[in-house]
Amino acid sequence: MTDWRHRAACRDTDPELFFPISDTSSVADAAIRICRTACPVRQECLTWALNNGEQHGVWGGLTEGQRRRAQLHRLTPAEAIALSPAPATRGAQQ
Ligand code: SF4
């Protein structure tokens, strides 16, 4: 296991929270809030997901669709995080 996972805010949460049925669900919003507000390893997490082609779930505070768009636009993890909308406003970008 890589070191950053030991510091993950989601380490002791229900894994199902981070694998919502839909990118736009309230469950996805709850996971994103944890990533954005409580996780010290968000960039490491997103980097891992992008480098490993992780297609499912919320990683680094980005949904599946947001990660696909970040890759399409060749954003770095830091750029993708900076441009990712907060849960309350992201509905318009889905
Ligand atoms: S960014 Fe989110 S999914 Fe990634 S380790 Fe942190 S809490 Fe977990």
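A DSSP coil position with no more than 13 other Cβ atoms inside 10 Å describes the following trypsin sites (Lys or Arg not before Pro) in region 1-69: R11. In order along region 45-57, the phi-based Karplus estimate (6.51 cos²θ - 1.76 cosθ + 1.60, θ = phi - 60°) of 3J(HN,Hα) comes to 5, 5, 4, 4, 4, 5, 5, 9, x, 5, 9, 10, x Hz; Gly and Pro are listed as x.
Positive end of the dipole of the chain (Cβ unit charges, origin at the Cα centre): among T13, S25, N51, the Cα lying farthest that way belongs to N51. At 7 Å along Cα-to-Cβ for each site, give me the label-to-label distance between R5 and A38 in nm. So the label points at R5 and A38 sit 2.0 nm apart.
Taking the square roots of five times each eigenvalue of the Cα gyration tensor of region 1-56, the equivalent ellipsoid has semi-axes of 18, 14, 10 Å, listed largest first.
The convex hull drawn around the Cα atoms of the chain, when projected onto a plane and averaged over every direction, covers 5.5 nm². Computed from backbone phi, the HN-Hα couplings of region 63-69 come to 7, 4, x, 5, 5, 4, 5 Hz, rounded to whole numbers (Karplus: 6.51 cos²θ - 1.76 cosθ + 1.60, θ = phi - 60°; Gly and Pro given as x). Per residue of the chain, the DSSP helices (runs of n ≥ 4 H) give a summed -39500 (n - 2.57) that works out to -12000 deg cm²/dmol at 222 nm.
Just so you know, all these numbers are worked out from the coordinates, no wet-lab data involved. These numbers come from a predicted model, not from an experiment. In this analysis, Cβ positions are derived from the backbone assuming ideal geometry, glycine residues included, and neighbour counts consider all displayed protein chains.
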